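Here's the structure, in structure tokens; my notes come after.
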Amino acid sequence: MATLKVPAHVPAPSEDAEQLRKAFEGWGTNEQLIIDILAHRNAAQRNSIRKTYHEAYGKDLLKSLDEELTSDFERAVVLFTLDPAERDAYLANESTKRFTSSNWVIMEIACTRSSHELFNVRKAYHARYKKSLEEDVAHHTKGDYRKLLVPLVSAFRYEGEEVNLTLAKSEAKILRDKISDKQYSDEEVIRIVTTRSKAQLNATLNHYNNAFGNAINKDLKADADDEFLKLLRAAIKCLTVPEKYFEKVLRQAINKMGTDEWALTRVVTTRAEVDMVRIKEEYQRRNSVTLEKAIAGDTSGDYEKMLLALIGAGEV
Amino acid sequence: MALPSGIEALDKAFSGIGVDEKSLIDIIAKSNDEHRTSLRKGCPKLFVEDDNGFERSDQSCIENLKHQFNRFRDAVVLSLLHPWERDARLIEEAIRKGPKSYSVIVEIACTRSSNQLLGARKAYHSLFDHSIEEDLAAHIKDGERKLLVALVSAYRYEGPNVKEAAAKSEAEILYNALNNADETKPLDHEDVVMILATRSKLHLQALYQHYNKTYDKTLTQDLEEGILKDTVECLCTPEAYFHRVLDAALEQDADEESKGALSRVIVTQNELLRKEGYVPNKIQDTLLGFYKDFMLGLIASGDIQENNS
């Protein structure tokens, strides 16, 4: 469930656009006003505001935000304002560039979005970058990483809840055999993880646990330093228990020396309208402190206020 | 006694693709027992002399006849289906039939637009409760798997931007992959699959031109028969591909697999064929009956339909 709080009576997009314009005018910027508006509108509303702003002032709202804001606060506001599909396309593209390269972000997007959402990302990617997501991912990865990531971003998984238990049994066995032989990037492992529906995969992993005594991710921890294994484990987590995956990303981002603002911003802005409620619950359960408290303790200023607004802290 | 011409006509009515329904009515409906007997005796393809004194039917040939009668029905159904459902069912059938039909999967994945292919993937979900890629990957264990799964999963960019430099360097990569003595088979070569399965069609067509210019032969010529060759043809020279497949279907010794291409290609590409004015050479002579009328109706220019009404 979403933590985004939208007021009962939402002003017309033209009013919001005007208010935002006012927030930019003058010497300073009225950051609080920006948060009050943008952090309290859903995706459709934000799209309307962007459109209206452009019609009224001849400029993309995002450009104005980029000019007026800075640093982590800017990134959080801009990322959140983007339409979800565009946002994911932006993050994915960023992940293929040399200095911001990240297999994890690509994997995260590919595995935690629904099949239709992922396809919308691919469409947005065409429109924005004039090439396909899969060709960029293929071009910027090699070997095992390419073998895993290209099928992950290209998947259009069946989304039904039906499960074939016989198949779950046989595929659990296949996984077990490959893992025992340390064939972590074997074609069959890749096939099962990248093509089966999430419900089917979940059934397979449950059977794995029942039949072989360990959850699959435990068996995949054989080599602590293997980066590919880490990615594979994370992919499996994303596909089956995303809120646990996101809790861990948040925990590591916050506990890190300094803070990993990019990870923090990414998770909060991409999940605020999806499943942040569950992620917060998971966070509190695992860390014995609320996410609000953790974020407040680790960040400051307008950036902190933006994040807290998105995770539902405070009034509308 | 049936006239020799009756026996000849009967043979003819069953000797093409489809059946000559009108001839069959003319020959058989009015014939009496005597006529029928001589028809059977005169048709060794369908009837053999049984020891117990009657002309026994050859069941496998009768089965084949059913096939011929059904071509019109199947073509009609195929053309009524929504293109997404049509492609989804064609792919599902191809997966079931195995290696002989892999080229059908290539054809659909590579000659449809990106959104048409997405539509087929959606329809597949609705019809079969699985994704195309999961069924494909689970059924195919051999070398073709990587390429086929990648092809059906593609959502190619369709705009005009092409990076000539990249097309050129990738032509070189392909050339090396195909002409080097090193052990990796082209189908296993990760760059070969990547280039063919992810690049836009315009990019691949530019690559094709570079290849031709640089190495004095076309990329197609450098490939052996198989899905890799089909892939390149479908992506870079689709009209040539379709003409080749149609001509092969009309060859004397064409097998059922090849003949199946007739309905599939004519129904799914009829607008393209009609625009080109392409009518396969032997279609008039080899097809029969309603099936022939239907196929010609699909690809011949609009005038024909008006004349019939």
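The values are calculated or read from the model by the stated rules, or taken from the named source; none is laboratory data. These numbers were taken from a predicted model, which means no experiment stands behind them. Note that we place each Cβ from the backbone using ideal geometry, even for glycine, and neighbour counts take in every protein chain shown. With ligands, DNA and RNA removed, areas are computed over all heavy atoms of the protein, side chains included. Shrake-Rupley method; radii C 1.70, N 1.55, O 1.52, S 1.80 Å.
Inspect all residues belonging to region A:92-104 and state whether any of them is over 18 Å from A:Ala253 (Cα atoms), in contact (Cβ under 8 Å) with a residue 12 or more places away in the chain and of a type in the set (A, V, I, L, M, F, W, C).
Checked region A:92-104: at least one residue is over 18 Å from A:Ala253 (Cα atoms), in contact (Cβ under 8 Å) with a residue 12 or more places away in the chain and of a type in the set (A, V, I, L, M, F, W, C).
What number of residues in region A:224-260 are of a type in the set (Asp, Glu), over 18 Å from A:Lys293 (Cβ atoms) and in contact (Cβ under 8 Å) with a residue 12 or more places away in the chain?
2
Any idea how many residues of region A:159-185 are open to solvent by 50 Å² or more (accessible area, probe 1.4 Å) and assigned to a loop (DSSP other than H, G, I, E, B)? Walk me through how you get there before you give the answer.
Our first condition is that a residue be open to solvent by 50 Å² or more (accessible area, probe 1.4 Å); within region A:159-185, this holds for A:159, A:161-166, A:169-170, A:173, A:176-178, A:180-183.
Within this subset, residues satisfying the condition of being assigned to a loop (DSSP other than H, G, I, E, B) are A:159, A:161-164, A:181-183.
So the answer is 8.
Given the criterion surrounded by 14 or more Cβ atoms within 10 Å (Cβ to Cβ), more than 27 Å from A:Ile279 (Cβ to Cβ) and of a type in the set (Gly, Ala, Ser), identify the matching residue among A:Ala12, A:Ala23.
Working: A:Ala12 fails: surrounded by 14 or more Cβ atoms within 10 Å (Cβ to Cβ).
Going through A:Ala12, A:Ala23 in turn, the sole match is A:Ala23.
A:Ala110 versus (1) away from every other protein chain (no Cβ under 12 Å); (2) within 18 Å of A:Ala263 (Cβ to Cβ): which is the lone unmet condition?
(1)
Within region A:269-292, track down each residue that is assigned to a loop (DSSP other than H, G, I, E, B) and under 17 Å from A:Gly314 (Cβ atoms). Working first, answer last.
Of region A:269-292, the ones assigned to a loop (DSSP other than H, G, I, E, B) are A:272-275, A:288-290.
Within region A:269-292, A:Ala272, A:Thr290 qualify.
Here's a check for you: in region A:108-158, which residue that is part of a loop (DSSP other than H, G, I, E, B), without any contact (Cβ under 8 Å) to a residue 12 or more places away in the chain and open to solvent by 10 Å² or more (accessible area, probe 1.4 Å) is farthest from B:Lys201 (Cα to Cα)? I'd like the intermediate steps shown before the answer.
Keep residues of region A:108-158 that are part of a loop (DSSP other than H, G, I, E, B), which gives A:113-114, A:130-132, A:140-142, A:155-158.
Checking which are without any contact (Cβ under 8 Å) to a residue 12 or more places away in the chain leaves us with A:130-132, A:142.
Restricting the remaining residues to those that are open to solvent by 10 Å² or more (accessible area, probe 1.4 Å) gives A:130-131, A:142.
Numbers: A:Lys130: 13, A:Lys131: 11, A:Lys142: 23 Å.
Only one residue tops the list, namely A:Lys142.
Being away from chain A (no Cβ under 11 Å), in contact with a Leu (Cβ under 9 Å, 6 or more places away or on another chain) and open to solvent by less than 30 Å² (accessible area, probe 1.4 Å) is the filter here; which residues of region B:173-195 pass it?
Scanning region B:173-195 gives B:Leu174, B:Val192.
Sort out which residues of region B:147-167 are outside any loop (DSSP other than H, G, I, E, B), more than 8 Å from every other protein chain (Cβ to nearest Cβ) and within 17 Å of B:Leu235 (Cβ to Cβ), and write them in order of number. Let's see the steps before the verdict.
Step one: list which residues in region B:147-167 are outside any loop (DSSP other than H, G, I, E, B), which gives B:147-153, B:164-167.
After this cut, where a residue has to be more than 8 Å from every other protein chain (Cβ to nearest Cβ) as well, the list is B:147-148, B:151-152, B:164-167.
Selection gives B:Leu147, B:Leu148, B:Leu151, B:Val152, B:Ala166, B:Ala167.
Could you list all residues from region B:90-121 that are open to solvent by 10 Å² or more (accessible area, probe 1.4 Å) and among the β-branched types (Val, Ile, Thr)?
Listed by number, the residues that qualify are B:Ile95, B:Val104, B:Thr111.
Any residue in region B:54-77 that is assigned to a helix (DSSP H, G or I), over 24 Å from B:Lys259 (Cβ atoms), among the β-branched types (Val, Ile, Thr) and open to solvent by less than 60 Å² (accessible area, probe 1.4 Å)? It would help to see each step written out before you state the result.
Applying the first criterion (assigned to a helix (DSSP H, G or I)) to region B:54-77 yields B:59-77.
In the following step, the residues that additionally are over 24 Å from B:Lys259 (Cβ atoms) were identified as none.
The answer is no, given that none of the residues of region B:54-77 is assigned to a helix (DSSP H, G or I), over 24 Å from B:Lys259 (Cβ atoms), among the β-branched types (Val, Ile, Thr) and open to solvent by less than 60 Å² (accessible area, probe 1.4 Å).
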